[in-house]
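See below for the structure under consideration.
Values in this text are rule-based calculations from the coordinates and carry no lab data. Note that the coordinates shown come from a computational prediction; the quantities given were computed from them, not determined experimentally. Here the Cβ positions follow ideal geometry from the backbone for every residue, glycine too, while neighbour counts run over all protein chains shown.
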Ligand SMILES: Cc1cc2nc3c(=O)[nH]c(=O)nc-3n(C[C@H](O)[C@H](O)[C@H](O)COP(=O)(O)OP(=O)(O)OC[C@H]3O[C@@H](n4cnc5c(N)ncnc54)[C@H](O)[C@@H]3O)c2cc1C
């Protein structure tokens, strides 16, 4: 089999990214998979700084854009298991480190943006997957591809006068990122509305995970390491279009008033510790407006970090660590990162 050389399959912390000292750069070969049929969709040394909200980070050793779930599955089944795989949504909850991401970074594109509604009647066909899963549940479901933006799913639900997904309109990520992160807002989260998710495992196996199997916890899921969500099924119920629209407008207004939504940011930086709000602890510890290099704790919402224009990923991460240190010193509470930090420190 023909081989192409790639260097440094960096080992991962979080999802495939991770720390490796500068001198640890083992060489691996990436076989010409499928006789080279992926060549056009597999780019080497791809800049990732434009693929995330913070606008920081190094390069992907390889960036792969699959056409659809079968294409992704076939690719992964041939990719040597020792090569790390990292998937990115629209990067609204990550810091890509300055040293970039080793191995293969997967970015889902147009083939994963479909969204459709499956009305009650079609769910009543005997043996239908959805009827089985949603027995005794509202049976109007929305099926969305993993690269679909959350706001498009919410808008689609509004267009069809079904309720339950309004909270997604306030979350600037993709469906895949929302499932992985158990994204939520305004007393709802993905765990409350997801029926099941289609997933491609690291070895290329295609599998459907039920809500229970995803083992959701606050702002995270038990998705296996290296697993890539390709689609999701959400439950909804019939609603009043005007009321749904009003809720979405209220969410947009509340977000605009309280969050730096036009800044280069990554959403909530730290999880709310039990019984506390992270932003209150950060405020109390005197960190509002704190800066490290080009990174700043937002003046508007102090659980948001922002890139004021010149920040590196290291600035953002060091600022976050400094906030953790100060909050611990002042309150005794250890903040935990919500934002995923992915890749290699430069
Ligand atoms: C202004 C702003 C406001 C925000 N408000 C909220 C909020 O109210 N509530 C909230 O929960 N979040 C909020 N966020 C954070 C963020 O939007 C969510 O976490 C979102 O779900 C991340 O989706 P993404 O597509 O951007 O994922 P990314 O940031 O690209 O990735 C996040 C994680 O998900 C993984 N991932 C991405 N796609 C997939 C996939 N297809 N399969 C498996 N894993 C995947 C990545 O590997 C990574 O570990 C906000 C962010 C910003 C910038």
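Here the sum of -39500 (n - 2.57) over DSSP H runs of 4 or more residues, divided by the residues of the chain, equals -7000 deg cm²/dmol at 222 nm, to the nearest 500. The stretch 42-120 and the stretch 175-197 have their alpha-carbon centroids 20 Å apart. Highest mean first, the peptides 326-332, 191-197, 173-179, 289-295 sorted by other C-beta atoms within 10 Å per residue fall in the order 173-179, 191-197, 289-295, 326-332. When the chain is treated as a GNM with alpha-carbon contacts under 10 Å, the residue of 230, 308, 269 showing the greatest mean-square fluctuation is 308. Temperature 25 °C, viscosity 0.890 mPa s: under these conditions the Stokes-Einstein estimate for the chain, based on its Kirkwood radius over C-alpha pairs, is 116 µm² per second. Is the shape of the stretch 262-336 best called rounded, prolate or oblate, per the rule: a/c under 1.5 gives rounded, else a/b larger than b/c gives prolate, else oblate, with a ≥ b ≥ c the square roots of the Cα gyration tensor eigenvalues? The shape class here is prolate.
The listed peptides 82-92, 211-221, ordered by packing as a protection proxy, come out as 82-92, 211-221 (highest mean of other Cβ atoms within 10 Å first). Considering only DSSP beta bridges whose two residues both sit in the chain, what percent are antiparallel, to the nearest 5? The answer is about 80 percent antiparallel. Expressed per residue, the C-alpha convex hull volume of the stretch 214-346 stands at 165 Å³. For 152, 143, 301, the sequence from fewest to most other C-beta atoms within 10 Å is 152, 143, 301.
Highest GNM mean-square fluctuation among 254, 147, 60, for the chain modelled with Cα contacts below 10 Å: 254.
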